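Colleague: Okay, handing you the structure first.
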Amino acid sequence: MLKKRLILLIITLAITLFFNSPVFAFSNLEELKLKIKDQEKIIHKDEFNKWTKYNPTLEHQKNYKSKIENISHCDTTLILCSLLSRTVDGFHTKKIQQSSPDEEIIVSFLENLSEEINIEPVNASFSIKEGQAAAFSIEKDGMGIDLEKSKEKIMTLIQNQDFDRNEIELPYEILSPEIKSSDVNKMGIVELIGEGRSNFSGSTNNRIFNIQVASNKFNGLIIKPGEEFSFVEHLGPVDGENGYKQELVIKKNKTELDYGGGVCQVSTTVFRAAIYSGLEITARRNHAYPVHYYDPQGMDSTVYVPKPDLKFINNTGNHILIQYEINIPARELVFRFYGTKNGRRVDVDGPHITSRESDGSMETVFTQTVYDSNNITILSDVFKSSYDSPNNYPQPGQEVVLTEKPKNWSNGEWKDYKKAHGV
């Protein structure tokens with residue numbers, strides 16, 4: 001009796017281990033080293049063991065004797081087995097280990113790895129010297145994991161159980177920059193096509209510092225013909241890790257401290273350069289209320305990562321080179337766009353203040369008209385701006401109690417406000 005119980009226990013334990021303990025192609029490895037060009041990535045077994053799927057199956061083999069497998073296993077249908085199979089066949093059932101690569105898991109792993117490993121190419125940067133464009137920053141090649149070839153390599157290794165070494169070299173490809181220093185003579189950067197100016201008098205040292213940090217992101221930048229330029233995309237993250245200091249910004253219906261106060265001085269100046277260069281504006285928003293840094297009011301552009309953004313299209317037919325100049329004593333920022341005019345002419349009418357209220361709110365308008373070399377209009381746009389009262393965006397410690405209902409408030413909002421503030 002005891003012997004039978006012991007046999008039954010052994011059978012139960014063996015079957016449990018069989019169906020619940022996966023066997024992996026990398027089971028003998030604690031870690032795996034991935035080499036991509038001159039980079040290395042160490043992967044722990046908990047990660048790379050997920051690359052293999054294990055599907056156990058059973059089959060009858062008369063030369064194999066076992067009493068711990070499933071003696072009721074049937075290769076066909078239960079009816080045929082009950083009629084044609086012998087009971088003894090059940091004691092010749094063998095476990096067959098079938099492993100296969102999990103393509104979905106491998107692809108997901110490689111995609112995540114590429115975000116960590118890949119190096120983006122860097123375009124050449126240019127400046128204007130003695131009236132001609134010249135490279136001041138040479139282009140750099142990038143590198144990216146070849147996802148398809150890497151996937152096939154890993155899957156083949158798993159299928160062939162070919163892991164004599166704990167190292168895999170993943171295929172990669174060299175990523176070439178779009179703009180190279182040798183392209184300078186064929187980009188059509190031959191003259192000034194437009195510039196924007198703004199004055200930041202009254203700015204704190206932190207704000208001036210942020211203006212310089214943000215401006216450097218765009219100096220020497222090339223905009224290709226037909227390309228839609230995104231200010232936010234080229235600006236990148238605005239935080240302490242990227243060199244910005246805290247300064248006042250308009251945020252969440254308040255004027256409060258945050259990293260990057262002063263960036264809008266740059267976006268506003270770039271917007272003006274794009275307007276006077278005759279470029280097509282595709283995204284622009286004015287500030288919530290009039291800010292004296294952006295006089296004349298109506299030609300400003302607020303940005304905040306990830307939106308709102310400033311966007312425009314290079315419609316000149318040639319490349320555009322961006323350069324900036326900052327005059328600290330005069331508190332003036334200038335952005336200049338270089339390219340080829342091709343006889344184009346740009347007329348800007350305004351900005352004009354169309355309405356102004358005693359609380360500081362106002363509305364403005366200006367127009368941009370672009371003519372080709374034959375004096376035919378190729379672009380005509382109207383830019384209207386509506387500014388709220390500065391009183392609705394108090395600075396820290398300077399909250400102002402309103403005595404009149406703002407135009408954009410409902411009667412219910414105004415009633416609740418008066419009750420909360422004792423008006």
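The values are calculated or read from the model by the stated rules, or taken from the named source; none is laboratory data. Treat the numbers as computed from the prediction; the structure is a model and nothing was measured. Backbone-built Cβ (ideal geometry, glycine too); neighbour counts: all protein chains shown.
Colleague: Can you confirm whether the stretch 216-239 contains a residue that is surrounded by 16 or more Cβ atoms within 10 Å (Cβ to Cβ), free of Cβ contacts under 8 Å to residues at least 60 places away in the same chain and hydrophobic (A, V, I, L, M, F, W, C)?
Modeller: No, because not a single residue in the stretch 216-239 is surrounded by 16 or more Cβ atoms within 10 Å (Cβ to Cβ), free of Cβ contacts under 8 Å to residues at least 60 places away in the same chain and hydrophobic (A, V, I, L, M, F, W, C).
Colleague: Here's a follow-up. Does the stretch 182-200 contain at least one residue that is at pLDDT 75 or above, part of a loop (DSSP other than H, G, I, E, B) and closer than 30 Å to H292 by Cβ?
Modeller: Yes, some residue in the stretch 182-200 is at pLDDT 75 or above, part of a loop (DSSP other than H, G, I, E, B) and closer than 30 Å to H292 by Cβ.
Colleague: Return the residues of the stretch 157-175 that are more than 17 Å from Q39 (Cβ to Cβ) and modelled with pLDDT of 85 or more; say none if nothing qualifies.
Modeller: none
Colleague: Determine the pairs where a residue that is assigned by TED's automatic domain parsing to the domain that holds W51 and of a type in the set (D, E), located within the stretch 111-131, has a partner that is modelled with pLDDT of 90 or more and part of a strand (DSSP E or B) with Cβ atoms under 8 Å apart, the partner being 6 or more residues away or on another chain.
Modeller: Filtered contacts from the stretch 111-131: E120/G142; E120/L175.
Colleague: Just give me the residues in the stretch 141-157 being among the small types (G, A, S) and surrounded by fewer than 16 Cβ atoms within 10 Å (Cβ to Cβ), in sequence order.
Modeller: G142
Colleague: Looking only at the stretch 20-36, count how many residues are loosely packed, with under 14 Cβ neighbours inside 10 Å and at pLDDT 85 or above.
Modeller: Summing the residues that are loosely packed, with under 14 Cβ neighbours inside 10 Å and at pLDDT 85 or above in the stretch 20-36 gives 1.
Colleague: Still on this structure, I have one more. Would you check if there is a residue in the stretch 109-125 being at pLDDT 85 or above, in contact with a Leu (Cβ under 6 Å, 6 or more places away or on another chain) and at negative phi?
Modeller: yes
Colleague: So in the stretch 309-332, with the set limited to residues that are among the aliphatic types (A, V, I, L, M) and more than 28 Å from the chain's Cα centre (by Cα), which one is surrounded by the fewest Cβ atoms within 10 Å (Cβ to Cβ)?
Modeller: A330
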